[in-house]
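Working notes, beginning with the structure itself.
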Amino acid sequence: MDTAPPAPLPRIVALLGYGGLLPFLALVGACLLGGFHTAFWRQTLFAYGAVILSFVGALHWGFAMFLPGLDERQRAWRYAWSVVPALLAWPAVLLSPRMASALLVWGFAMHYLQDRRLARRVALPAWYLPLRLRLTSIACLCLAGGGLITVHERADYVSWLRALLA
(Lines give C-alpha, C1' and ligand atoms only; values in the text may rest on other atoms or scores of the structure.)
Protein backbone atom coordinates (compact mmCIF):
# COMPACT_ATOMS: atom_id res chain seq x y z
CA MET A 1 0.00 0.00 0.00
CA ASP A 2 1.47 3.34 -1.05
CA THR A 3 0.38 6.06 1.35
CA ALA A 4 1.76 9.56 1.41
CA PRO A 5 2.92 10.97 4.74
CA PRO A 6 0.57 13.49 6.33
CA ALA A 7 0.97 17.04 5.11
CA PRO A 8 3.10 19.16 7.42
CA LEU A 9 1.72 22.22 9.15
CA PRO A 10 1.61 24.93 6.46
CA ARG A 11 4.06 27.73 7.20
CA ILE A 12 1.44 30.48 6.95
CA VAL A 13 -0.83 28.60 9.40
CA ALA A 14 2.05 28.25 11.86
CA LEU A 15 2.97 31.94 11.55
CA LEU A 16 -0.60 33.14 11.99
CA GLY A 17 -1.49 30.63 14.71
CA TYR A 18 1.59 31.11 16.87
CA GLY A 19 1.65 34.82 16.05
CA GLY A 20 -1.85 35.01 17.50
CA LEU A 21 -0.42 33.88 20.83
CA LEU A 22 1.90 36.90 21.06
CA PRO A 23 -0.83 39.27 22.31
CA PHE A 24 -1.86 36.70 24.96
CA LEU A 25 1.72 36.41 26.19
CA ALA A 26 2.44 40.14 26.03
CA LEU A 27 -0.78 41.08 27.79
CA VAL A 28 -0.44 38.61 30.64
CA GLY A 29 3.13 39.88 31.06
CA ALA A 30 1.86 43.45 31.10
CA CYS A 31 -0.68 42.43 33.75
CA LEU A 32 2.11 41.12 35.94
CA LEU A 33 4.26 44.21 35.53
CA GLY A 34 1.57 46.82 34.92
CA GLY A 35 1.39 48.42 38.36
CA PHE A 36 -1.42 50.97 38.28
CA HIS A 37 -2.28 49.93 34.71
CA THR A 38 -2.90 46.28 35.58
CA ALA A 39 -6.69 46.60 35.32
CA PHE A 40 -6.35 48.06 31.82
CA TRP A 41 -4.00 45.30 30.63
CA ARG A 42 -6.17 42.61 32.21
CA GLN A 43 -9.30 43.94 30.48
CA THR A 44 -7.37 44.13 27.22
CA LEU A 45 -6.29 40.50 27.67
CA PHE A 46 -9.88 39.38 28.19
CA ALA A 47 -11.11 41.44 25.24
CA TYR A 48 -8.47 39.84 23.00
CA GLY A 49 -9.41 36.41 24.35
CA ALA A 50 -13.07 37.11 23.55
CA VAL A 51 -12.23 38.09 19.98
CA ILE A 52 -10.12 34.97 19.44
CA LEU A 53 -12.76 32.70 21.01
CA SER A 54 -15.31 34.16 18.59
CA PHE A 55 -12.88 33.56 15.72
CA VAL A 56 -12.32 29.89 16.55
CA GLY A 57 -16.08 29.41 16.77
CA ALA A 58 -16.38 30.63 13.21
CA LEU A 59 -14.12 27.78 12.08
CA HIS A 60 -17.03 25.42 12.64
CA TRP A 61 -19.31 27.53 10.43
CA GLY A 62 -16.75 27.00 7.67
CA PHE A 63 -16.55 23.29 8.45
CA ALA A 64 -20.34 23.05 8.22
CA MET A 65 -20.33 24.74 4.81
CA PHE A 66 -17.48 22.86 3.18
CA LEU A 67 -16.52 19.60 4.87
CA PRO A 68 -17.63 16.53 2.96
CA GLY A 69 -18.87 13.59 4.98
CA LEU A 70 -21.20 15.48 7.33
CA ASP A 71 -24.85 14.49 7.29
CA GLU A 72 -27.49 17.21 7.69
CA ARG A 73 -27.77 16.70 11.45
CA GLN A 74 -23.99 16.97 11.91
CA ARG A 75 -23.89 20.00 9.62
CA ALA A 76 -26.68 21.68 11.62
CA TRP A 77 -24.78 20.96 14.85
CA ARG A 78 -21.62 22.59 13.43
CA TYR A 79 -23.60 25.70 12.45
CA ALA A 80 -25.24 25.88 15.88
CA TRP A 81 -21.98 25.33 17.75
CA SER A 82 -20.17 27.95 15.68
CA VAL A 83 -22.08 30.79 17.37
CA VAL A 84 -21.74 29.50 20.94
CA PRO A 85 -18.17 30.76 21.47
CA ALA A 86 -19.20 34.30 20.50
CA LEU A 87 -22.16 34.08 22.87
CA LEU A 88 -19.76 33.07 25.66
CA ALA A 89 -17.14 35.67 24.73
CA TRP A 90 -19.45 38.67 24.66
CA PRO A 91 -20.52 38.60 28.33
CA ALA A 92 -16.98 37.74 29.41
CA VAL A 93 -15.84 41.29 28.65
CA LEU A 94 -18.54 42.58 31.00
CA LEU A 95 -17.77 40.33 33.98
CA SER A 96 -15.36 40.57 36.88
CA PRO A 97 -11.81 39.44 36.06
CA ARG A 98 -12.17 36.05 37.76
CA MET A 99 -15.48 35.34 36.06
CA ALA A 100 -14.22 36.57 32.68
CA SER A 101 -11.15 34.39 32.98
CA ALA A 102 -13.17 31.32 33.96
CA LEU A 103 -15.74 31.80 31.20
CA LEU A 104 -13.13 32.32 28.48
CA VAL A 105 -10.99 29.35 29.60
CA TRP A 106 -14.12 27.18 29.74
CA GLY A 107 -15.13 28.39 26.26
CA PHE A 108 -11.74 27.57 24.76
CA ALA A 109 -11.69 24.14 26.43
CA MET A 110 -15.21 23.33 25.21
CA HIS A 111 -14.31 24.44 21.72
CA TYR A 112 -11.27 22.17 21.69
CA LEU A 113 -13.54 19.28 22.73
CA GLN A 114 -15.84 20.15 19.82
CA ASP A 115 -12.82 20.06 17.51
CA ARG A 116 -11.95 16.58 18.79
CA ARG A 117 -15.56 15.48 18.35
CA LEU A 118 -15.54 16.71 14.76
CA ALA A 119 -12.18 15.02 14.06
CA ARG A 120 -13.71 11.65 15.01
CA ARG A 121 -16.37 12.12 12.31
CA VAL A 122 -14.49 13.63 9.38
CA ALA A 123 -10.95 13.83 8.05
CA LEU A 124 -9.22 17.00 9.20
CA PRO A 125 -5.59 17.76 8.39
CA ALA A 126 -3.26 15.74 10.65
CA TRP A 127 -1.75 18.97 11.99
CA TYR A 128 -5.09 20.56 12.98
CA LEU A 129 -5.78 18.99 16.40
CA PRO A 130 -2.19 19.16 17.69
CA LEU A 131 -2.02 22.81 16.66
CA ARG A 132 -5.39 23.59 18.28
CA LEU A 133 -4.26 21.87 21.49
CA ARG A 134 -1.07 23.95 21.68
CA LEU A 135 -2.80 27.22 20.86
CA THR A 136 -5.70 26.51 23.22
CA SER A 137 -3.41 25.48 26.07
CA ILE A 138 -1.28 28.62 25.90
CA ALA A 139 -4.29 30.91 25.48
CA CYS A 140 -5.98 29.28 28.48
CA LEU A 141 -2.86 29.57 30.65
CA CYS A 142 -2.59 33.27 29.82
CA LEU A 143 -6.29 33.89 30.47
CA ALA A 144 -6.13 31.97 33.75
CA GLY A 145 -3.08 34.01 34.70
CA GLY A 146 -5.03 37.18 34.03
CA GLY A 147 -7.76 35.94 36.36
CA LEU A 148 -5.33 34.88 39.09
CA ILE A 149 -3.57 38.23 39.11
CA THR A 150 -6.69 39.71 40.69
CA VAL A 151 -6.03 37.60 43.78
CA HIS A 152 -2.63 39.27 44.14
CA GLU A 153 -3.69 42.75 43.04
CA ARG A 154 -1.92 44.58 45.86
CA ALA A 155 1.11 42.30 45.89
CA ASP A 156 4.43 43.02 44.27
CA TYR A 157 3.98 41.25 40.92
CA VAL A 158 7.65 40.71 40.26
CA SER A 159 8.12 39.02 43.65
CA TRP A 160 4.98 36.97 43.09
CA LEU A 161 6.23 35.85 39.67
CA ARG A 162 9.66 34.92 41.07
CA ALA A 163 8.00 32.90 43.83
CA LEU A 164 5.76 31.19 41.30
CA LEU A 165 8.71 30.21 39.11
CA ALA A 166 10.99 29.16 41.99
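Mind listing whichever residues of region 56-74 are surrounded by fewer than 18 Cβ atoms within 10 Å (Cβ to Cβ) and under 26 Å from residue 95 (Cα atoms)?
58
Could you figure out which of (1) modelled with pLDDT of 95 or more; (2) hydrophobic (A, V, I, L, M, F, W, C); (3) farther than 25 Å from residue 40 by Cβ isn't true of residue 102?
(3)
When both residues are 6+ apart or on different chains and their Cβ atoms are under 9 Å apart, which pairs have a first residue that lies in region 120-135 and is under 19 Å from residue 15 (Cα atoms), and a second that is charged (D, E, K, R) and surrounded by 14 or more Cβ atoms within 10 Å (Cβ to Cβ)?
Listed pairs, sorted by first residue: 128/115; 129/115; 132/115; 133/115.
Test residue 77 against the criterion of being surrounded by fewer than 19 Cβ atoms within 10 Å (Cβ to Cβ) and of a type in the set (Phe, Trp, Tyr), and give yes or no.
Judged against the criteria, residue 77 is a match.
Assess whether residue 61 counts as being over 18 Å from residue 144 (Cα atoms), part of a helix (DSSP H, G or I) and among the aromatic types (Phe, Trp, Tyr).
yes
Which residue out of 53, 45 is touching a Cys at 6+ places or on another chain (Cβ under 9 Å), at pLDDT 95 or above, aliphatic (A, V, I, L, M) and surrounded by 15 or more Cβ atoms within 10 Å (Cβ to Cβ)?
45
The values are calculated or read from the model by the stated rules, or taken from the named source; none is laboratory data. Computed from a predicted model, the values in this text were never measured in an experiment. Backbone-built Cβ (ideal geometry, glycine too); neighbour counts: all protein chains shown.
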